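**Student:** The structure that follows is given in the form of structure tokens.
Every number in this text was worked out from the coordinates using simple rules, so none of it is lab data. Nothing here was measured: the structure is a model prediction, and the numbers come from that model. Counting neighbours? That spans all protein chains shown, and the Cβs are built from the backbone with ideal geometry, glycine included.
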Amino acid sequence: MQPMPSIALLGYGEAGSAFGRDLLALGVRVRVHDPAVRPPDAVETAADEAEAVRGAGLVLSVNSASAAAGALLAAAPGIGEGTVWADMNTASPRAKAELCQTAARLGVAFADVAIMAPVPGRGLRVPMLVSGPAAERVAAVLGALGTPVTVQPGGAGAAARRKLLRSVFFKGMAAAVVEALEAARAAGCEDWLRENIAAELAAADARTVDRLVTGTRRHAGRRAEEMAAAAGMLEDLGVEPAVARASRDLLLRILAEGRAERPRDEPLEDSSGDSRGPSRPPRPPQPT
């Protein structure tokens, strides 16, 4: 069995410090550079990026997307042959691909790493996706440390793409919940809505996704009007209706693009979007 390489951590915030503590507990030599943080742990500290990565087998760049390219360039003089650069920052697939190209020009093996769950409470046990030229090498090191790593086929940016697609759903849902509860608080029924949301989430299964997609297309016109009304209500309550307006605009776009289904007998909906059977036309008046 090969000895575990030393690891450089660029960034010692919430995620970086959790990784650092776990690495120390596993007996891994860790060297850290973070100009904004003085690590309280027993990690080695470095004055700059180049000093931090010198002699490291693996570099975990976990600072920020805006700092990622600068960190790579600043570290370049200290990167030795065989060092692998793992960028763990959340960024677009295009930004990851550009960073990989920069690494290639510098002769540095690069991997795009996507952290797929919150780090606090998990540390190195957080699930990760990894793609790019050095994906297998990063997966081998982190996997040996107990990290559940999945190698995502494709170049740098493939892992980031999966993470951000999931973020559209998960962070979008979180934004909708926050906005709805803020409005419910202003309306005096926050507890009721919180229980309603929790019940809907608890009851969700694979069929829920199909129902949401089908119902959105089938009832786009009606739901656009509903969300316009909801946005107006939020304004009356003093709540900025950012999510409500975005929902309305998406529904209007579906209508404009002709992607809405227009069944002959449109089923009725309750407030949760469930179909309740076909609507019946009113009976014509009887002659007198």
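**Student:** Taking the number of other C-beta atoms within 10 Å as the exposure measure, put His219, His33 in order starting with the fewest.
**Tutor:** Sorted ascending by nearby Cβ count, the order is His219, His33.
**Student:** So, one more: Just grab the label-to-label distance for Leu26 and Arg217, each label 7 Å out from Cα along the Cβ direction, in nm (one decimal).
**Tutor:** 4.4 nm
**Student:** Between 0 and 90 degrees, rounded to the nearest ten: what's the tilt of helix 206-218 against the longest Cα principal axis of the chain?
**Tutor:** 50 degrees
**Student:** So if we plug the beta-carbon distance of Ala140 and Leu106 into 1/(1 + (r/R0)^6) with R0 = 25 Å, what FRET efficiency do we get, rounded to 0.05?
**Tutor:** That pair, Ala140 with Leu106, gives E of 0.65.
**Student:** Now a separate question. With springs connecting C-alpha atoms under 10 Å apart, model the chain as a Gaussian network and identify which of Gly258, Gly146, Gly154 has the largest mean-square fluctuation.
**Tutor:** Of Gly258, Gly146, Gly154, the most mobile in the Gaussian network model is Gly258.
**Student:** For the chain, which span is the longest to avoid every loop-located (per DSSP) member of GluC sites (Glu not before Pro) having at most 16 other Cβ atoms inside 10 Å?
**Tutor:** 82-256
**Student:** Run the numbers on the chain and let me know its relative contact order in percent, using alpha-carbon pairs under 8 Å that are six or more apart.
**Tutor:** The normalised contact order for the chain reaches 11 percent.
**Student:** Local charge sum around Phe170 (other residues, Cβ-Cβ under 14 Å, Lys/Arg +1, Asp/Glu -1)?
**Tutor:** +4
**Student:** For each of Lys96, Lys163, count neighbouring Cβ atoms within 10 Å of the residue's Cβ, then give the residues from fewest to most.
**Tutor:** Lys163, Lys96
**Student:** Please state the shape class of region 195-234: rounded when a/c is under 1.5, otherwise prolate if a/b exceeds b/c and oblate if not, all from the C-alpha gyration tensor.
**Tutor:** oblate
**Student:** How far is helix 242-256 tilted, in degrees, relative to the longest principal axis of the Cα atoms in the chain, given as a value from 0 to 90 rounded to the nearest 10?
**Tutor:** 70 degrees
**Student:** Here's something else I'd like to know. What ranking, highest mean first, results for peptides 18-26, 85-93 when packing means the other Cβ atoms within 10 Å averaged over each residue?
**Tutor:** Final packing ranking: 85-93, 18-26.
**Student:** May I pose another question? Okay, helix-only estimate at 222 nm for the chain: each DSSP H run of n ≥ 4 adds -39500 (n - 2.57), divide by all residues, round to 500 deg cm²/dmol; what do you get?
**Tutor:** For the chain, the value works out to -16000 deg cm²/dmol.
**Student:** Express as a percent, rounded to the nearest 5, the fraction of DSSP beta bridges in the chain (both residues included) that run antiparallel.
**Tutor:** Of those bridges, close to 20 percent are antiparallel.
**Student:** Could you check the simple spin-label distance between Glu182 and Ala50, using points 7 Å along Cα→Cβ, in nm with one decimal?
**Tutor:** Reported label-point gap for Glu182 and Ala50 is 4.6 nm.
**Student:** Could you calculate the contour length gain from Thr150 to Ala67, that is, 0.36 nm times the residue separation minus the distance between their Cα atoms, to one decimal place in nm?
**Tutor:** Additional length available on full extension: 27.3 nm.
**Student:** A further question follows. Considering the zone a paramagnetic label at Arg125 would reach in this model (a point 7 Å from Cα along the Cα-to-Cβ line), which residues of region 3-33 have amide N under 20 Å from it?
**Tutor:** Hits in region 3-33 for Arg125 at 20 Å: 14-28.
**Student:** On to the next question. If you bin the C-alpha pair distances of the chain every 10 Å from 0, what whole percents do you get?
**Tutor:** 6, 22, 23, 17, 17, 10, 3, 1, 1, 0
**Student:** For the Cα atoms of the chain, what angle does the longest principal axis make with the long axis of helix 93-106, in degrees from 0 to 90, nearest 10?
**Tutor:** 10 degrees
**Student:** I want to check the label-to-label distance for Asp41 and Arg94. Put each point 7 Å from Cα in the C-beta direction and report it in nm to one decimal.
**Tutor:** Label at Asp41, label at Arg94, 3.5 nm between them.
**Student:** How high is the relative contact order of region 9-109, in percent, with contacts defined as C-alpha pairs under 8 Å that are six or more residues apart?
**Tutor:** Relative CO of region 9-109 lands at 25 percent.
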